1. Taking the stated definitions as given, is LEU499 buried (at least 19 other Cβ atoms within 10 Å of the Cβ) and touching a Gly at 6+ places or on another chain (Cβ under 8 Å)?
2. So which pairs qualify, if the first residue must be in the stretch 327-355 and within 18 Å of LYS440 (Cα to Cα), the second must be polar (S, T, N, Q), the Cβ gap must be under 6 Å, and the two must be at least 6 apart or on different chains?
3. Please indicate, with yes or no, whether at least one residue in the stretch 463-476 is within 26 Å of VAL16 (Cβ to Cβ), assigned to a loop (DSSP other than H, G, I, E, B) and at pLDDT 95 or above.
4. Looking only at residues in the stretch 65-94 that are basic (Lys, Arg) and more than 20 Å from the chain's Cα centre (by Cα), which one is least open to solvent (accessible area, probe 1.4 Å)?
5. Just the residues that are assigned to a helix (DSSP H, G or I) and surrounded by fewer than 24 Cβ atoms within 10 Å (Cβ to Cβ), please, taken from the stretch 131-144.
6. Of these, GLY451, GLY406, which one is closer than 26 Å to PRO519 by Cβ, at pLDDT 90 or above and open to solvent by less than 20 Å² (accessible area, probe 1.4 Å)?
7. I'm trying to understand the selection: among the residues of the stretch 334-357, which are open to solvent by less than 30 Å² (accessible area, probe 1.4 Å) and either closer than 14 Å to LEU416 by Cα or in contact with a Ser or Thr (Cβ under 6 Å, 6 or more places away or on another chain) (or both)?
8. Looking only at the stretch 380-389, which residues are of a type in the set (A, V, I, L, M, F, W, C) and in contact with a Ser or Thr (Cβ under 7 Å, 6 or more places away or on another chain)?
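The values are calculated or read from the model by the stated rules, or taken from the named source; none is laboratory data. Computed from a predicted structure; not experimentally measured. So basically every Cβ, Gly included, is an ideal-geometry build from the backbone, and we count neighbours across all protein chains shown. Each accessible area value is taken on the protein alone, full model and side chains, heavy atoms only, with ligands, DNA and RNA left out. Shrake-Rupley method; radii C 1.70, N 1.55, O 1.52, S 1.80 Å.
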Amino acid sequence: MSQTTELLDGQSGLPVDNPTKSYWHREPSEKLLGHRTTKELPRSADVVIVGSGITGSFAAHFLKEKRPDLNVVMLEAREACWGATGRNGGHCQPAIYAAEAHIASFELRNFAYLKALVEEFSIPCDWRSTSGVHAFYSAPLFAQVRGVVDGLADEYPDLAANVAVVTKGEGEGEGKGGDDSLSGTPAYLLEGERRELTLEGLRVPNAEGAVVQWNAASLWPYKLVAFVLERLLAANGAEGSAGSFNLQTNIPATGLSAASPPANLSSPGGSSSNSNSNNSTSTLWTVHTPRGTISAPRVLLATNAYTSHLLPSFADLIVPTRGQVSSLRPPEQPAAPSDPPLDIGHTYYVVGEPDDAMERDDYLVQRPPPAAELVFGGGRRHARRRGVGVWDDGSIDEPVAWYLRGELGSVLDLSLHSPSSSSSSKTGSGGNTSHPTVKKQDLEPTYEWTGIMGYSRDGHPFVGRVPSSLGGGSDDSDADGSLYVCGGYTGHGMPNAVLSAKAAVDMMYGGDGAEIDLPPEYELTEQRVAAARLEDEVVVVDAKGTLYADFGHLL
């Protein structure tokens, strides 16, 4: 049995009982807070899901969509969606130019699925489709990235259509009518659009250049997951419904054990545990908790950074890494109540330092009016141990907090004026456009919190059946029951987790020959694990810079 008492070297602990308060938890769901569908923990189920974030909630969604007859039990150590999904930066954006083309396409499909789902069900999660600005402050890194985007246009024009490069206007030679301020913008756009797509128009006048992605969104991630879970719970007992969805919060999974099942084991709905397949169940999994045990032929660990607590063999494969985020008041308030507040208009990544191309990977979204708070995360290089190996989100790193409060104004124009109109109205006789105000200033935080990401050894999520060598059950491909993992997103879960969860469900119940939409790099296999362990450990790679895993090969 894998039931942890003393932690092994590198192994994650359980989520702590007293986490920092996230901005996204300021309006918790009354239906989900402290929720336990049944007073007692069921003794058995068809599927047990450990974790209630975006991976676990959508895995349950796809399970019930594919097999409504299933009895699904979800275990959550704290409140529902109290982990990384409820603690992130509030944005969803595919990696178009920083990933292999087929992975970029997969992330675009994730984005499109989420956007369509929000629209179909009018999910009240403040989804705002916008563009994502990646502002580069390292000239060598931007030059290399620009070459990557140019290559994308040659080889994958459908992907390149989602991206635009913006350079410094002077001297680029593309301007029309003598207006050098537009020479760094895409020539195929109308003049008004080009003015918005200058570095000044994008509010990053001091950047070396920028990449703009058209598919990006800001959202309230907790409310998205809360909607999915509430909808699953509402389906219980509905006319014509079969099976059940049982959410058990504040019940940590402390261990796993595997055994051959008794012949008469039944699920809570009365179905035999092996009734879902023509094959006999080879392994029955028991999940141990402080409130008893629950057994099922299939268990999905949607535990991301905490995976190694239940599977110590993953200690070097998915490494907990603590990130930090602050919600900040804008520095200027409108002069009159009827005047609009600051609207930065995009989501942002702030990438690279002038003297260190591989450092700084900060991220920013803005909340809607009237508060219009700026949700700014990053600064991990200022954290203790760079946050690597830290699974406790019960405190913040003060150096990171100071950095987040003071850094944003020095890289982004936070003045109330419209940057595009400013750039068109401040042109002097020499044709040079004066820069908007960018200055070092401390912003007032309303919330400061941490969250634990799961960093993957090879930079890709692990999705699939756990081999016996890593603590899984039988390696027989015809076996009915098994243990599955879906996690290790390396801080990039929002545009990956949903369809990764669907792929895990399709592996569970797809049958032979089922087509599974998943990049091959994501699939959990012994061969992949062996290759990953030939690479540097996460702590070694991260010490080279927060951007090294994504861009280190370019320089």
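1. No, not satisfied.
2. Qualifying pairs under 6 Å: SER327/THR446; PRO331/GLN441; ILE344/GLN366; GLY352/SER138.
3. Yes; the residues of the stretch 463-476 include at least one that is within 26 Å of VAL16 (Cβ to Cβ), assigned to a loop (DSSP other than H, G, I, E, B) and at pLDDT 95 or above.
4. Top of the filtered list is ARG67.
5. ALA139, PRO140, LEU141, ALA143, GLN144
6. Going through GLY451, GLY406 in turn, the sole match is GLY451.
7. Residues satisfying the conditions are LEU342, ILE344, GLY345, THR347, GLY352, ALA357.
8. VAL388
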